[in-house]
Amino acid sequence: MSEDDDRSLPLDLGGGGGAVAESASKTRNCTGCYGHLAASGSVENTLHNVLENVLHFLTSRHDRNAASLVCKSWYGVEALTRSELFIGNCYAVSPRRVTSRFNRVRSVTIKGRPRFSDFNLMPPNWGAHFTPWVAAMAKSYPWLERIYLKRMSVTDDDLALLAESFPGFKELVLFCCEGFGTSGIAVVASRCRQLRVLDLIESDIADDEVDWISCFPENETCLESLVFDCVECPINFEALEMLVSRSPLLKKLGVNRYVSIAQLYHLIVRAPQLTHLGTGSFCNPEAMIHGEPEPDYAAAFAACKSLVCLSGFKDILPDYLPCIYPACANLTTLNLSYANISAEQLKPVISHCHKLQTFWALDSICDEGLQAVASTCKDLQELRVFPVDPREDGEGPISEVGFQAISEGCRKLQYILYFCQRMTNAAVIAMSKNCQDLVVFRLCIMGRHQPDHKTGEPMDEGFGAIVINCKKLTRLAISGLLTDRAFSYIGKYGKLVRTLSVAFAGDSDLGLKFVLEGCLRLQKLEIRDSPFGNGGLQSGLHHYYNMRFLWMSACKLSRQGCQEVARAMPHLVVEVMRNENDEEVDNHIQVEDMENHVQVLYMYRSLEGPRDDAPKFVDIL
């Protein structure tokens, strides 16, 4: 369920029961009318049952949303048959509204803070609390089996209530969440006896000095996936080893940096059935210090015949990389985004990865490493390259050379995220022609307002070529020196774009107007450090109700301009945020400007109106 899936129609499944009763009272002596009414009810019940059976086959939430809008009857039947909910913004709909409409839910996905919060652009303690949601679901969905949370604030008490309320609970995924600790995880591990998935991904987890690994059932478990690479505290390895041994269904395992490669060896020997493995720390300090003999790591990896995904490699010692060579031939995913290795260290690994479809790496592999990927991985569909040094004035080791090599060698590419310090229009245009199946294109030129570093021209033509030639594009991130011309291209040709991220780009409000008037399917718009002001903001009044959210930070918005949007669109929640400490504001800004200037605007549609848990630094207009 997305946040606009609910409607105010009543759940009237009887098809006008009041009218039937009135008709019956007027003709109580007329058996013919009674027979007609009975037949009508029978037909209606039959249609209801047929529709219910048909809707069970609809798995796409978008198809289900469309079905719910056909009529009141379909609206009600669709709600009765929906077992999976997707809530794209936890403040767009209330738990009460959700639980009153949907009665048979077994799986819930909820998203909280906007993505730019990952870059410290949102003050801490903003909200997105899981507490009201788990409280409502505990009463309404005792049969709930799966919860996926992203960027939510979760407490140990929330996890305890979850574990107590859902006896058949099977899957918990916490992605970029915060507020809980190892004691909360321990409660889930001990009380959810049918747990199949426990994935803790990029979450901030407090060390409560609790041995949570030992809390899993002592007999054979149902675990299929256990990922805890973000848990930044030591674990009981002996308990982990025993847990893996008594989990015959385990397919995915991601351990943290406190598990050495020597310990990893013991785990994979006990679980050769693994398909996904996160390696933790890829070194062995004990052997290095004491000169101890080491096991045959390569043989252990060779025995994992089903392994298709490798990640982890934290605190890597490149000398151990040859250990994974035997597994590389079957890999479809290789994530080296924590491995600070060189091109020379990468090339022997990548030469074995002919089936690779997804590759993540640090820019330490340089253009030479990307050229090796391009020459070997012809089936590559997703590439993400992250910076070792994320500073704007850093010396980036990758450029348009590696970028163009990928476009020429990996023609099946569908997703690219590429951080660099310099780029050319020619390389981006080549990408648009060589990789026309691109669905996601995210080019992040980290230096502010960087032009084509060879010609000095804006990057307009490069990004224009992307939206013109890549007809399947739904997500776009742009940066570098860009004028309103680039935004005119996006508005004219980016008809399928649903998510647009803008950083340090644009000339005037006209650029934002091009996008808001042209990108009719736009759902999420994120803008930072760009020159757009009140005029650009108000050019989207016709479209904001169709969007999930708009985020603008460090732009040229005034409080008055945001207030005018709030007045014009009463069903839109308009939040403006300020720094908690006034000292953080630049001294050159006058006091009167500080009071009127909007540092952060977060605007989203909601069926519920303003939230009641906004912190002091958030004003809801």
Summing -39500 (n - 2.57) over the DSSP H runs of n ≥ 4 in the chain and dividing by its residue number, what mean residue ellipticity at 222 nm do you reach, to the nearest 500 deg cm²/dmol? -10000 deg cm²/dmol
Roughly how many whole Å is it from the C-alpha centroid of segment 298-374 to that of segment 375-444? 18
To make sure I understand the rule: partners must be lysines, Cα under 24 Å from the Cα of LYS251, and not fewer than 8 residues away in the same chain. Which ones qualify? LYS150, LYS170, LYS305, LYS314, LYS355
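What ratio of Cα Rg to 2.2 N^0.38 Å holds for segment 467-559?
Values: Rg = 11.8 Å, N = 93, 2.2 N^0.38 = 12.3 Å.
Here the Cα radius of gyration is 0.96 times the empirical estimate.
Rounded to whole Å and ordered largest first, report the semi-axes of the equivalent ellipsoid of segment 333-429 derived from its Cα gyration tensor (root of 5λ). Each step should come with its number before you reach the end.
Values: eigenvalues 73, 51, 25 Å².
The answer is 19, 16, 11 Å, longest axis first.
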For LYS433, counting only lysines whose alpha-carbon sits under 23 Å away and dropping same-chain residues fewer than eight positions off, the answer is LYS378, LYS412, LYS454, LYS471, LYS472, LYS492, LYS495
Using only the Cα atoms of segment 178-239, what are the Rg and Dmax in Å? 11.0, 31
For segment 375-458, what are the per-bin percents of Cα-Cα distances with bins 5 Å wide, up to the bin holding the maximum? 3, 15, 27, 24, 18, 10, 3
Which percent of Cα-Cα pairs in segment 57-140 sits in each 10 Å bin, short to long? 15, 43, 27, 12, 2
In Hz, Karplus ³J(HN,Hα) per residue of segment 395-404 (6.51, -1.76, 1.60; θ = phi - 60°; x = Gly, Pro): 9, x, x, 10, 8, 5, 5, x, 4, 6
For the chain: Kirkwood Rh in Å [reciprocal of mean 1/r, alpha carbons]: 27.2
For segment 361-429, run through the trypsin sites (Lys or Arg not before Pro) and keep only the ones in DSSP coil with at most 11 other Cβ atoms within 10 Å of their Cβ. ARG391
Here the percent of antiparallel bridges among DSSP beta bridges lying wholly in the chain, to the nearest 5, is 15
Quick one: putting +1 on the C-beta of Lys and Arg, -1 on the C-beta of Asp and Glu, what dipole do you get for the chain around its Cα centre, in Debye to the nearest 20? 3060
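Looking at the P(r) of segment 91-178, how many percent of alpha-carbon pairs lie beyond 18 Å?
Working: 1597 of 3828 pairs.
Tail of the P(r) past 18 Å holds 42 percent of the pairs.
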If one computes the Cα centroid of segment 136-190 and of segment 480-553, what distance in Å separates the two points? 37
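Just so you know, all these numbers are worked out from the coordinates, no wet-lab data involved. Quantities reported herein were computed from a predicted structural model and do not represent experimental measurements. Note: ideal-geometry Cβ built from the backbone for every residue, glycine included; neighbour counts use all protein chains shown.
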